[in-house]
Amino acid sequence: MFQNDLKKAIEEVLHGRPVALPTETVYGLAARIDNPEAIKAIFKLKERPFFDPLIVHVRSIEQAQSLVSWWPPEAQKLAESFWPGPLTLVLPKAAHVDSMITSGLDTVALRWPRQELFQKVLDEVKIPLAAPSANKFGRTSPTEAHHVKDEFKDDPVFVLDGGPCEIGIESTVVKIFPSENETELALLRKGSITESQIKNTLNNFSVRFVDSVSAKDSPGHMKHHYMPAIPLIICLKRKDLKQLAQEIYRKISLLPPIVEQVKMIPLTREPQQILELKLSEDPRLATREFYGQLRKLAKSGGECIVYFKETQADPAPWEALYDRMAKAASLILND
Ligand code: TXA
Ligand code: MG
């Protein structure tokens with residue numbers, strides 16, 4: 001049964017049909033990079049705008065090198081330190097990489113995932129796979145096979161079930177680019193591999209970390225992303241849920257319907273049933289369960305979700321989770 005599913009996933013990919021595959025971060029919707037129709041089908045299934053480029057998944061450092069026009073020692077060091085794993089490197093692309101994958105940018109995002117089933121598909125297909133997270137554009141990323149099935153229930157997408165994802169949020173994305181005297185790096189997306197881990201790894205290199213890159217360099221970094229089907233509200237102060245209803249309704253009603261191409265979720269009345277999101281006190285477990293909890297609560301009949309965010313003694317391991325949470329939220333209430 002299990003072997004058959006793996007075989008079916010491989011066949012689908014070989015025939016140019018997008019397939020949902022598990023990775024250690026979140027489920028991805030994968031297609032071979034040498035088939036433009038398959039790549040187009042990913043954008044269509046996800047309802048993703050063509051300005052937001054895809055990550056290309058490889059099965060070795062050599063394969064990554066074949067897709068870039070520049071592979072500096074810093075890329076080699078990061079790849080050797082964190083691959084296979086939840087790190088995506090953005091580098092100047094090789095001319096043959098389809099510009100639909102890179103949204104016309106001159107860079108390509110590369111990742112060697114460590115999830116075993118994904119690696120088996122890569123081994124059989126022998127061609128790198130473009131794979132964004134397997135959710136509709138702007139929505140919560142899937143961390144279990146049934147999340148993907150829910151997301152694409154009207155579409156014929158085969159889902160290879162690899163169980164729950166180990167990490168639960170998307171990979172760290174680091175851009176590496178040449179400048180006059182030294183290599184520059186920019187953290188485009190936070191993830192379980194932290195900025196300080198990356199800096200420590202490159203301790204002996206002469207690199208410069210630049211803080212912000214332009215929106216053009218970092219497409220897909222909209223204000224709102226990963227949103228559940230009902231509004232999520234982050235509260236920095238604990239309050240009575242009933243007291244919050246009026247404030248939430250008033251403030252949600254003031255939001256525009258669409259922000260940076262992402263549809264906001266309306267409330268049609270003052271919420272009668274507010275659900276509280278509760279996460280583990282262990283940041284790794286909290287990160288693993290976050291997206292799944294959002295989906296579960298959104299399906300449970302409530303009208304909105306509230307998370308009471310506390311100040312953490314050691315904020316570093318919470319950073320990536322809180323980054324996603326802020327984007328998934330329709331509102332953040334400071335007082
Ligand atoms: O963990 C992950 O990275 C998952 C799994 C499936 O591997 N994939 C994932 O893909 O999160 P996606 O498409 O949901 O997010 C990819 C992000 C987007 O924000 C996109 O804008 C950025 O990577 N990206 C891709 N190519 C880029 C490039 N050439 N330059 C800058 N950003 C890029
Ligand atoms: Mg995504």
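What to note about this one:
- Each residue of the stretch 190-199 was assigned a 3J(HN,Hα) from its phi angle through the Karplus expression (A = 6.51, B = -1.76, C = 1.60, θ = phi - 60°), giving 6, x, 5, 8, 8, 4, 5, 4, 5, 4 Hz with x at Gly and Pro.
- Label point at Leu285 placed 7 Å out along Cα→Cβ; residues across the stretch 299-319 whose backbone nitrogen lies under 12 Å: none
- For the chain: accessible area per residue (Å², 1.4 Å): 46
- FRET efficiency for Ser66 and Lys299, using Cβ-Cβ distance with R0 set to 56 Å, rounded to 0.05: 0.85
- Of Ser196, Ser141, Ser69, the one that fluctuates the most in a GNM where the chain has Cα springs shorter than 10 Å: Ser196
- Of the accessible area of the chain, computed with a 1.4 Å probe over protein heavy atoms only, carbon and sulfur atoms account for 49 percent.
- Only helices reaching 30 angstrom along their own axis (Cα) with mean Kyte-Doolittle hydropathy no lower than 1.0 count here, and not one DSSP H run of the chain does.
- Choice from Lys242, Lys309, Lys190 with maximal GNM fluctuation in the chain (Cα, 10 Å cutoff): Lys242
- Backbone N under 12 Å from the Val210 label point (7 Å along Cα→Cβ), restricted to the stretch 176-192: 176-187
The values are calculated or read from the model by the stated rules, or taken from the named source; none is laboratory data. Nothing here was measured: the structure is a model prediction, and the numbers come from that model. Ideal geometry is used to build each Cβ from the backbone, glycine not excepted, and the neighbour counts take in all protein chains shown. To get the accessible areas, we keep the full protein, side chains included, count just its heavy atoms, and leave off ligands, DNA and RNA. Shrake-Rupley method; radii C 1.70, N 1.55, O 1.52, S 1.80 Å.
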